[in-house]
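Have a look at the structure below before the remarks.
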Amino acid sequence: MTIHFSYNKKQVVQALRYHFITRPEIRIMLIVVNIFSIAAFILYMTNMVSAMAFLLSSFLWAILMASFWFIMPNMVYRKSETFKHAFSMDFLEDGFRLSHEKGSRFWEWKALHTYKESPHFFHLYFDTRSFLLIPKYAFETTEEEKEFRALMNIKTKK
């Protein structure tokens, strides 16, 4: 199977958000900060902390949320040349090849650690931080998409 694609910025940024939010360390940090913010609100409402302490915790919460939702995904998108190329991808029995106008790279299936699915992409993970985004719109039919999903289930662990 061969697919051809280029990336859509809006969808890539959304996929990067998904990647960041699914990271365990970021999830834990978001939960802790949300609990802290709720506790600060309750303490403020019971007059146990000043309005300044509550406003400071709210400001920190807003900065953290903005960084994970806007700043980090857009920064990664801007710094990465990968998202500006048109690609061709061949899926073979022993691995897969990613090609664009400046060259190509081949990976054996054992190089993939796992894969995840987001609304617009398949995320192929080589390790916990290195991944490749495959847009779902690259598949011409839903049958090709299902075939790819089946291939990923066989070749990787989800």
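A short reminder: the numbers here are calculations on the coordinates, not readings from a lab. From a predicted model like this one, the values you see are computed outputs, not experimental measurements. Quick reminder, even Gly has a Cβ in these numbers, built from the backbone with ideal geometry, and neighbours come from all protein chains shown.
So the values come out like this:
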{"read-out": "Size of charge dipole - the chain - debye, nearest 20, with Cβ of Lys, Arg +1 and Asp, Glu -1, no other charges", "value": "440"}
{"read-out": "Sequence-distant residues sharing a close amide H with residue 118 (under 5 Å, placed H)", "value": "123"}
{"read-out": "Between helix 24-45 and the chain: long-axis angle, C-alpha atoms, 0 to 90°, nearest 10", "value": "20"}
{"read-out": "In Hz, Karplus ³J(HN,Hα) per residue of region 104-110 (6.51, -1.76, 1.60; θ = phi - 60°; x = Gly, Pro)", "value": "8, 9, 10, 10, 6, 4, 5"}
{"read-out": "For residue 126, residues with placed amide H under 5 Å, excluding near neighbours", "value": "113, 131, 132"}
{"read-out": "Angle in degrees between helix 142-155 and the longest Cα principal axis of the chain, rounded to the nearest 10", "value": "80"}
{"read-out": "Fluctuation leader among 66, 15, 138 - the chain, Gaussian network, Cα springs under 10 angstrom", "value": "66"}
{"read-out": "Helix-only mean residue ellipticity at 222 nm for the chain, each DSSP H run of n ≥ 4 adding -39500 (n - 2.57), per residue, nearest 500", "value": "-15500 deg cm²/dmol"}
{"read-out": "14 Å Cα-Cα reach of residue 146 towards aspartates and glutamates, excluding residues that sit fewer than 8 places from it in its own chain", "value": "117"}
